[in-house]
Every structure is written in C-alpha cells, then in structure tokens.
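Asks: Got a structure here, written out as structure tokens. Questions coming.
Each reported figure results from applying straightforward, stated rules to the coordinates on display, with no laboratory input. All values derive from a computational prediction rather than experimental measurement. When we count neighbours, we look across all protein chains shown, and the Cβ atoms used for this are built from the backbone with ideal geometry, even at glycine.
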C-alpha cells in the first residue's frame, strides 16, 4: 500500500478485504464477479449480496473512490467468505469478521465526513438481512438513489420505447439485408443485444446461438426446418455468424449462459459435429466475459419451463432489463418490473443449481473424451 493509500480514510477497510482475499486463496476479480452474480440477492452470512463487476472489486482494493459504499464492501466480504467456505483446503473462520469490517467501515466513514449517509446504507443492509426496516426519511432514500415504484415505472416505459423503436427499425437494423429470414418477433432481440452490457441466457436443450459452430447451427436448423433450401440455410448460418461478432468486439457484453444437460445427451447430432461444438464451447468459456454452466434438467425444470430465455441488461442507465422468451413459433418480451424480477430471481436460482464454470469445463472435456473416435 502506497503512502497515498495509507492516508485514504478507508485504508483500514481495504486492508481487511485484502487480508480476507488472501485467506480465500486470492480469487481473481473475474472469479469474484462470477460468484457475486451467482449469489446476487441471496443472504450470505448476514449480507444480502450485490453484484460486483471486476472494475468495482478492483477499485475497492485500490481505494479509487474517495468514499466507499457499504453494500459493495459487505458484498465483497460475503463473496470472499463464500469462496473460502466452499473449499475444504481453506478456513473461512480465519477471516476478519463482518462485525470487525463494520466497525472499521463506520470509523472510516466518520473520518471521511460521510458518516450519515454511510450509516444509513449500513442500516438498510442490516434491514435486508433481518427484515427489520429502519426509520428513513424519504429525502434520505432519494439522495441514496434507491429505486422506488416511480423509478421502476419510468425504467419500464423507457425500455418499452426502446423495444418499440427496435420493431420499427427493421429496414435500418444491422441485419436488414437478412430481413426476409428474420421473424417479426426475433428482430428486436437481434437489434437490442448489440446495446447490452450483459446478457443472461438459458438454453434448456441446445447450445446458445451465440456459441454455436457453423456446422452445429446448420444441423439444428435442418432439424427444425427439414424442407429448407440450401440458399436459405446458408444465409441463416451466415446471419448467425455475424451475430456472434457481438462477443468478439472490443467492448463485449458479459455473457452468462446456463445450458440444460439435455444438450449433451443429444444422440442424433453426428459425433464429428458435436466434437467441434464442444471444443468451441470450451474455448469460448475461457474468455473473461463469457461464463458457461450446465444444470441438471430436473433441477432446471423445477424453476423454469424448458423455453430458451435471454435477460438483457442495457449499457445506458435508465432502462429496465428486458426478458425475451423464444418459443418455436413466436417470441414474448417482458419489460414490467414484476415479470422481469420473477425471471431474474428464477435465473439466479438456476445459477445456484448449476455446476460451477470450472466444473462445467471439466465435464465438457470428459464428454469430449467419450465421443466415438473420428474416422480416418
């Protein structure tokens, strides 16, 4: 820690978190982000976990912001605790306690002159965990930027306008030259996924479009449309390959994928096509912005119907998330707070049931080894 860092009002907090990170075997910031997504909204050791983007976790330890937020600090602590608690080699009990973290945080906040708002944040965090609401003046909530019903409604209306605009933009969308093969219901999703900061996807029985090889895509399209002509088939595959450029651009969205194990048990897919698809999936899963997890079919179907689903979060603030359910012959969009929250919570529960990303990759390697050998 530099001399400047030691003079920072929250230096004690950063030191405690750094100690706990070492006890947790120094997980990467990408790992911390992935675990925070998995735990988001759940209470871990008395803390309701918030999502921690890689930059946020890094900034907390580097003391980039002058004033830290208790929700982020306590979530960082909870994620590290959870990581250590899951590993038999590590001792989560050796970590600095949440009580000690709160004591240091409150002392630091008072020194920084931000005690009142930070104390309110701590009280709200405790209320989330205990169900006991503190007395908070309405203006205090407004200053902290907490979302109320009015904001939910405004965000929903903004997303509905965005969706309506995407429906009108068929003639100027990036995929317009393929307009004759893009359905009315799927067009808005193709347009809006390019404006996403994050996409959470559930594929109950097939690998997601954005992670398919050309041969696998060609095969499943023929399965779905047996009478398709060669020209249309080639154009549909070409369109898919162009869609996939989204994940290769310089600022790609975070792409979190949960796939039902049924996709691996498809015995009809030719082994050569499946082999290349699995190799491609393993390669893509190694990119920091892509997380791939598999889930047992029976676990998934307790939470969600077996319908492909995408939850899109937009880069620009002021929009609600957008849920897209893709049926075989139609697509359904949800922008309302209640519906979006329902599917988001179900997706988070799905993440908890799913295999961890590194376990998923190991399983894919095992499946790859068991495929019939290639003909020579």
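Asks: Using a Gaussian network model on the chain with a 10 Å cutoff between Cα atoms, which of 201, 342, 319 fluctuates the most?
Replies: Largest GNM mean-square fluctuation: 342.
Asks: Hey, another quick one. How large is Rg over Rh for the chain, taking Rg from the Cα atoms and Rh as the Kirkwood inverse mean of 1/r across Cα pairs?
Replies: Result: Rg/Rh = 1.01.
Asks: Quick check on region 150-370: of the DSSP beta bridges with both residues there, what percent are antiparallel, nearest 5%?
Replies: Counting only bridges with both partners in region 150-370, antiparallel ones make up about 55 percent.
Asks: What's the ranking of 262-271, 222-231, 51-60 by average number of surrounding C-beta atoms within 10 Å, highest first?
Replies: Listed from highest to lowest mean packing, they are 51-60, 262-271, 222-231.
Asks: Also: Restricting the calculation to Cα positions, tell me the Rg (one decimal) and the Dmax (whole number) of region 8-91 in Å.
Replies: Radius of gyration, then largest Cα-Cα span, for region 8-91: 11.8, 37 Å.
Asks: By how many degrees, between 0 and 90 and to the nearest 10, does the Cα long axis of helix 70-86 differ from the longest principal axis of the chain?
Replies: 70
Asks: What share of the DSSP beta bridges in the chain is antiparallel, in percent to the nearest 5?
Replies: Antiparallel bridges make up about 55 percent of those DSSP assigns within the chain.
Asks: On C-alpha positions alone, give me the angle between the axis of helix 214-224 and the longest principal axis of the chain, in degrees, nearest 10.
Replies: It works out to around 70 degrees.
Asks: Next question, about the same structure. If you line up the long axis of helix 230-243 against the longest principal axis of the chain, both from Cα atoms, how many degrees apart are they, to the nearest 10?
Replies: 10
Asks: Compute the Rg to Rh ratio over region 150-370 from the alpha carbon atoms, using the Kirkwood formula for Rh, and round to two decimal places.
Replies: Ratio of gyration radius to Kirkwood radius for region 150-370: 0.95.
Asks: Just from its helices, what would the mean residue ellipticity at 222 nm be for the chain, if runs of 4 or more DSSP H residues each count -39500 (n - 2.57) and the sum is divided by every residue, rounded to the nearest 500 deg cm²/dmol?
Replies: Result for the chain, helices only: -16000 deg cm²/dmol.
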